1. Kirkwood-based Rg over Rh for chain A (C-alpha set), two decimals?
2. From the P(r) of segment A:95-169, can you give the percent of Cα pairs sitting at distances over 19 Å?
3. On average, how much accessible surface per residue is there in segment A:14-381, in Å², for a 1.4 Å probe, leaving out ligands, DNA and RNA?
4. For segment B:318-424, what is the convex hull volume of the alpha-carbon atoms per residue, in Å³?
5. Report the relative contact order of segment B:253-353, percent, no decimals, based on alpha-carbon pairs under 8 angstrom and at least 6 residues apart.
6. Need one number: % antiparallel among DSSP beta bridges in the protein assembly as shown, to the nearest 5.
7. Report the A-B buried area as the accessible area lost on both sides summed, probe 1.4 Å, in Å² to the nearest 100.
8. Taking amide H positions as placed in the peptide plane 1.01 Å from N, state which residues far from A:Phe447 in sequence (5 or more) or on other chains have amide H under 5 Å from it.
2 protein chains.
Amino acid sequence: MAYRLTLAPWLKGYRPGDAAADGLAALIVTLMLIPQSLAYALVAGVPAQMGLYASILPLLAYALFGSSRTLAVGPVAVVSLMTAAAAGQVAGGDSGAYLAATVILALLSGVFLVAMGLLRLGWIANLLSHSVISGFITASGLLIAASQLKHLLGIPMQGDTLWELGLSAFREAASVNGPTLLVGAAALLFLLWARGPLKRLLARTPLPPMLADLLAKAGPVLAVIGTTVAVAAGDLQSQGVAVVGAIPGGLPALSLPAFDAGVWGQLALPALLISLIGFVESVSVAQTLAAKRRQRIDSNAELIGLGTANLASGVSGGFPVTGGFSRSVVNFDAGARSPMAGVFTAGGIALTALFFTPWFYYLPKATLAATIIVAVLALVDLGALRRAWRYSKADFTAMLVTLAGVLLAGVEIGVIAGVGAALALHLWRTSQPHMAELGQMPGTEHFRNVRRHPVITSPRVLSIRVDESLYFANARRTEDAIYDMALNCDGRRHVVLLCSAINHIDASALDSLESLNRRLLDAGVTLHLSEVKGPVMDQLKRSDFLEQLSGEVFMTHYQALATLDPETSERAADDKPHA
Amino acid sequence: MAYRLTLAPWLKGYRPGDAAADGLAALIVTLMLIPQSLAYALVAGVPAQMGLYASILPLLAYALFGSSRTLAVGPVAVVSLMTAAAAGQVAGGDSGAYLAATVILALLSGVFLVAMGLLRLGWIANLLSHSVISGFITASGLLIAASQLKHLLGIPMQGDTLWELGLSAFREAASVNGPTLLVGAAALLFLLWARGPLKRLLARTPLPPMLADLLAKAGPVLAVIGTTVAVAAGDLQSQGVAVVGAIPGGLPALSLPAFDAGVWGQLALPALLISLIGFVESVSVAQTLAAKRRQRIDSNAELIGLGTANLASGVSGGFPVTGGFSRSVVNFDAGARSPMAGVFTAGGIALTALFFTPWFYYLPKATLAATIIVAVLALVDLGALRRAWRYSKADFTAMLVTLAGVLLAGVEIGVIAGVGAALALHLWRTSQPHMAELGQMPGTEHFRNVRRHPVITSPRVLSIRVDESLYFANARRTEDAIYDMALNCDGRRHVVLLCSAINHIDASALDSLESLNRRLLDAGVTLHLSEVKGPVMDQLKRSDFLEQLSGEVFMTHYQALATLDPETSERAADDKPHA
């Protein structure tokens, strides 16, 4: 089934009232997006104007193709970090090659996302489990915060891992620039105050809650204005405070980077990871917001929307983008009704790029670093490790592998190791099936584990439930375990396998079942099956196993017991249920 | 739990009668093993005496540590092919390096097998599914047969894939040696006749069936004697018929190859694959034979047994060995009662190496090639592809990937691609859970798919069964599917999820269940669970999901319906069952 392209379905029935609501939301998002775009350009290691470029055409592309009504697309922290890591690897210190690499990453991500959308491959993102994503986001937050210390301290720092960054900071510790640290620390404290105490304070005022919330979120804008004015007025730049400086004004020119198969090939895997991580992050934001208004997200349309947004970013000299959490929430809370808000926001950023870039000349990089640190530390959730430990050791392990991998070996290795660990743990778990001997719950036709419930067992029939689909990784182990259980039950001439938890039987498992049937027959024990599901039964009928089977296949386990040991079965069914 | 080493447990209670039986079996196996050892040395590309060396100490080591009473260890076809492929890759045409590589492969395989046995990692071999093994064995058989054509035709041929071998044969087609082809074709036809018509003929004589079978299996020995005499008498060697030539007599000297980290590192992966494939092949032979006499195989003891056999082969200048199918069956059929038969066989081969090697001077390589071709073509089972296609498309695909991979890209790539394909297909299948709406089977407390069975459904309660454990690869898809089913059932305010087929719920799936519970609640639908298994319930209790759950958890699905819609439930239970 091919993807049916629908351009901007929200445009039908668009009304002036919608435009007013979207316009207001766009104004607020634009104010928020300007410092964010500049800051994430800093994270990605590219000139400030590329941050603005990545916030113009991509928004228009998403408005045309995306399916969320309120998602706000643009540069985001995690994807910018991944961009910096990948571009750094291929550029080898050459800044021209670095910029080209970021553009190529945007184009490649765009191609991958659109291709996945057209081929309906959105499910691939499901391979990134909750634990891997959670570990990755936390680690990225820490890594981004660490990487921004250089702007806060005014020292050079290099590295893609916590280890390298720490070593680099340690070496340069003596050359910390006082005025830079002063500006940065002031911005940082103000932002933390705005997020915490100020927000609570505003919540207690008679202001409408939404407005109070928006005011608290205006913290970054105020920090930008305040520190820019301070630097300009106090000539702090001459004392070593690094500023954004001259940003070339104007709109981006459309162009494509030169094609070099080697470089594009090297960037393919990072671009794929950027696509997947960006997609997962974006689609979960989009779904959260859509659920609040009972709207639906089509994940294939999302892939196309984000893909075209990245293609648009690439051709206009930007870097990879995706749907951002904080700005989407602001957009939603400010009352955006449709992607037209994104179109208006793009217009606002374009005007900024055309006319207002000189205003950012004195904006200190330390302020941008402070806004980044405050934003990404909100992503850090070490409590998730504790919760995962409590719920499932496998999830905990996958999370820890990802977290440690990203922090100590870099984002790509970390994600790949995490996904690998999650898959390996899943296989390991399904290769060790839980098995239970069953008895009849008194007064019912229901059978449960003899070790957990007060059940009645038959002296003639052994009931076994295997809690796993049978496939190559567990086939032989299951065969041996059932055989051993059967031989250790002296006197029982029938084994009934309750198949309600068996969802597939592959060829290896079929072979094991045939062997089990033969081995039990040699030992004088008859093998029966019960509650085999339709799809599994269909498959067994395509082999000759059912002809070989020494016993019968029963519709229900109760029928099996009623046939093979009517006495016990009737007594149990008539018994009074225990409390 | 550590492995408990037991040396030769069969030695306790060993009687003279056993020794007589073992001695007879050993005599027959020795006669069979001599040409096989020489032939598989040819497949592995090493001098003939290495084949004999690989059949002396390894047999003693296995007798001490192995757990099968009748397994016959030594060089086998498939492992010899893998040895040749791996050694050829690192040697680069240097024959000294090639021989060293085969010895290193034996040592490394030995180390891996012993380590897996001590760490109880035998289950790793389960990752090689039935289909992958089957595809691998068939492809190896074809590849070995193709590689032996050079000896049958008397032309040089090179390559590790069918493609390279074919090209090489095509190039040399003009230089086929007539007398070689004559000898080879005669041996081939005789062997095929001995396997087929002669065997059927002997079966109809009054000879005891076992003796008739053994006589038919003596074909290779007769072919070796006949062609050796013919070459010696007719001086065919001077007409270009390649012979085995002078084999240095004497027993192997114990030694270790030089340690070169680079070479050992390169050989580690091939050695691991050789270990796994050899182990799987050997253990399945051992289990088949053990089952016939109600004996048991301990897979960890098998790992130690095969591992020490390979270490013994390595230190005595041999190449990787494992349990062989045909010789083990002969050993078993000839009445071997204990591994003492292997000790006697080792003695027989040692005597051969000491005194009888000159007898093989005129043995034509074409005869050995013919015995190999006849032996390995018996491994080729293309019908398995057809059966797999019929039973399961996933198994068919894994088999085809392995088969094509081995034939066209070599043994290692083929096996790795096959295992990768099998795992990917398994994940793909579990990521697409089968789901069914359920109704009550009339006259029972049992619930089945409404599309397959004549069931009674409740107008108030929607019953859904998910046929898969819930984990990251299917969590979101399942959540959306259940939500859609619930919304498309107007009027039903309760959804009961029958959890009998859910064996695990990982953290990603827990998140999805929480989200499903909220979404359904928003839509005014209550979510209940039924028949949650013990281990899953334990896990859910470690989260706060059960407090969040809008509905209840019922012990049985019947109880859920009896509580939520007593009217329909009672009516259905009292209804007469359909025929």
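1. Reported Rg/Rh, Kirkwood definition of Rh: 1.12.
2. 61 percent
3. Heavy-atom accessible area per residue stands at 39 Å².
4. Normalising the Cα hull of segment B:318-424 by residue number yields 178 Å³.
5. In percent, rounded to a whole number, it is 32.
6. Numbers: 24 of 50 bridges.
Roughly 50 percent of the beta bridges in the protein assembly as shown run antiparallel, per DSSP.
7. Result for this pair: about 6200 Å² buried.
8. A:Met441
The values are calculated or read from the model by the stated rules, or taken from the named source; none is laboratory data. As the structure is a prediction and not an experimental result, all values here were calculated from the model. Using ideal geometry, Cβ is built from the backbone for each residue, glycine included, and neighbour counts are taken over all protein chains shown. SASA here: full protein model, heavy atoms, side chains in, ligands and nucleic acids out. Shrake-Rupley method; radii C 1.70, N 1.55, O 1.52, S 1.80 Å.
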